[in-house]
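Read the structure below first, then the notes.
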Amino acid sequence: MKKLRKMICVLLVLAAAASFAPFAWADDEEETPAERLSAIQWIIMTEKAGKYGMLPVYPRDIKDGTYEIKVDSTSPFFKVRKGQIIVEDGQITAKITIASTSYLYVYLGTGAEAGNEKNEGWLEPEIVDGRTVFTFPIDALDKPIDCAAYSKARQQWYDRKLVFNASSLPEDVLSVDIPDYSMIESALLAYAIDGSEDIKPSPGKNRPSSGPPEPVSVSIPDGEYSIEVNLIGGSGRASISSPTLLVVRNGKAYSKLLWSSANYDYMIVDDTYYYNLTTDGGNSTFEIPITVMDDPMSVIADTNAMGDPLEIEYALTFYQDTISSKGKIPQEAAKVVFLIAAVIIVVGGIINYFVKKKRS
């Protein structure tokens, strides 16, 4: 059985490579290594849970007993803090502990299916030490499981997928070997790169990219400036500070944007991801290339303010004739005011000291 699974692991790599025919890999002259890599990254990164090519591990492959197990979730708002399985009489019962108490039910299926069931199959939790514990049967490990969760605050179902990782169990518990799924992904990436050492995978992407966007050229010296920017799109409740910071490097224009919210975790410009630079919990900040001046520039910003991550389309317009000194930016002006106030306090303290000294 173990040798068989190792053979299957190798076959998975070969089969996966063969299955990418839609990307025209049969004709290497028409498909560059970068394009092949982009396609394979898209396939790997869009696997919603677990690893590419996972083989299910069934109850018959696991010794009876109770075990702690690592559980992956596709949603950061439904993160499993503790996982446990009970294997007995050819069945697996799972227990998952969620830090949040904001979910009233889970359903083993999609949210649409749960809504149609009208309470049938809705599983209620236990609350243990302020955490939510759901218990339900599963048919296998290393297999994505649909598990819709019902939000107490929003009164609606959210789709999740869970994977119970067999590789996190003790070695003597399984009667089968677990394929090295990281090796499978590495093999696929190596096949995509095809010997091109200057191409590296880009973590965090979930769609193909034709490369980073080209910033617009500006005829001013490299440095930092201010520029007016207008934001449209979304619900209208979020905004961007204007004027904002304009950074010119090698004659190219970039903008450092400050949002009115701390809930944005990434922005997308022409399929390239830019991540929040703020690490102290303050309002979200991003540095992105400016691809056009005086015309709307399409971007996407992902917010978790709604409970679940939500990508929202916006349009930014940067006005070239408003480029001015960095000091016009509200944050920079505040720094100047603070510095002046600090100087006044220090100088005032020194003067007060000498006045008191002279009187004494």
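If you go through the range 158-188 and keep only what is at pLDDT 90 or above, out of contact with any Cys (no Cβ under 8 Å at 6 or more places or on another chain) and surrounded by 21 or more Cβ atoms within 10 Å (Cβ to Cβ), you end up with VAL163, PHE164, ALA166, LEU169. GLY233 meets the conditions (1) over 17 Å from ASP295 (Cβ atoms); (2) touching a residue at least 60 places away in the same chain (Cβ under 8 Å); (3) not hydrophobic (A, V, I, L, M, F, W, C) in every case but one. The failed one is (1). Against the criterion of being at pLDDT 90 or above and either of a type in the set (Val, Ile, Thr) or closer than 11 Å to ALA149 by Cβ (or both), TYR67 does not qualify.
For first residues located in the range 153-171 and under 22 Å from LYS70 (Cβ atoms), partners that are hydroxyl-bearing (Ser, Thr, Tyr) and lie 6+ apart or on another chain with Cβ distances below 6 Å form the pairs ASP159/THR110; ARG160/SER73; ARG160/THR74; ARG160/SER75; LYS161/THR74; LEU162/SER73; LEU169/TYR67.
The residues of the range 117-152 that are over 29 Å from LEU55 (Cα atoms) and of a type in the set (Lys, Arg), listed by number, are LYS118, ARG131, LYS152.
For the range 276-298, the candidate set comprises residues that are exposed (fewer than 15 other Cβ atoms within 10 Å of the Cβ) and not in a loop (DSSP other than H, G, I, E, B); within that set, the residue that is nearest to the chain's Cα centre (by Cα) is GLU287. Does PRO213 satisfy the condition of being at pLDDT 50 or above and either surrounded by 11 or more Cβ atoms within 10 Å (Cβ to Cβ) or touching a Lys or Arg at 6+ places or on another chain (Cβ under 7 Å) (or both)? It is true that PRO213 is at pLDDT 50 or above and either surrounded by 11 or more Cβ atoms within 10 Å (Cβ to Cβ) or touching a Lys or Arg at 6+ places or on another chain (Cβ under 7 Å) (or both). Evaluated against (1) in a loop (DSSP other than H, G, I, E, B); (2) closer than 30 Å to ARG154 by Cβ, ASP302 falls short on exactly one condition, (1). When restricted to residues that are assigned to a loop (DSSP other than H, G, I, E, B) and either closer than 23 Å to ASP89 by Cβ or not assigned by TED's automatic domain parsing to the domain that holds THR74 (or both), the range 120-146 contains 5. If the condition is being touching a strand residue (DSSP E or B) at 6+ places or on another chain (Cβ under 9 Å) and surrounded by fewer than 17 Cβ atoms within 10 Å (Cβ to Cβ), then the range 83-107 contributes ILE86, GLU88, GLN91, THR93, ALA99, SER100, THR101, SER102, LEU104.
Considering only residues of the range 221-246 that are in a strand (DSSP E or B) and small (Gly, Ala, Ser), which is modelled with the lowest pLDDT? So, considering only residues that are in a strand (DSSP E or B) and small (Gly, Ala, Ser), the one modelled with the lowest pLDDT is GLY233. Residues in the range 236-277 that are in contact with a Phe, Trp or Tyr (Cβ under 6 Å, 6 or more places away or on another chain) and under 12 Å from PRO289 (Cα atoms): 6 in all. Considering only residues in the range 147-162 that are part of a strand (DSSP E or B) and within 18 Å of the chain's Cα centre (by Cα), the one that is farthest from ARG81 (Cα to Cα) turns out to be TYR158.
Residue pairs whose Cβ atoms lie under 7 Å apart, separated by 6 or more positions or on different chains, with the first residue in the range 258-282 and aromatic (Phe, Trp, Tyr) and the second part of a loop (DSSP other than H, G, I, E, B), are TRP259/ALA238; TRP259/ASN283; TRP259/SER284; TYR264/ASN276; TYR264/SER284; TYR266/ASN276; TYR273/GLY204; TYR273/LYS205.
The values are calculated or read from the model by the stated rules, or taken from the named source; none is laboratory data. Nothing here was measured: the structure is a model prediction, and the numbers come from that model. Using ideal geometry, Cβ is built from the backbone for each residue, glycine included, and neighbour counts are taken over all protein chains shown.
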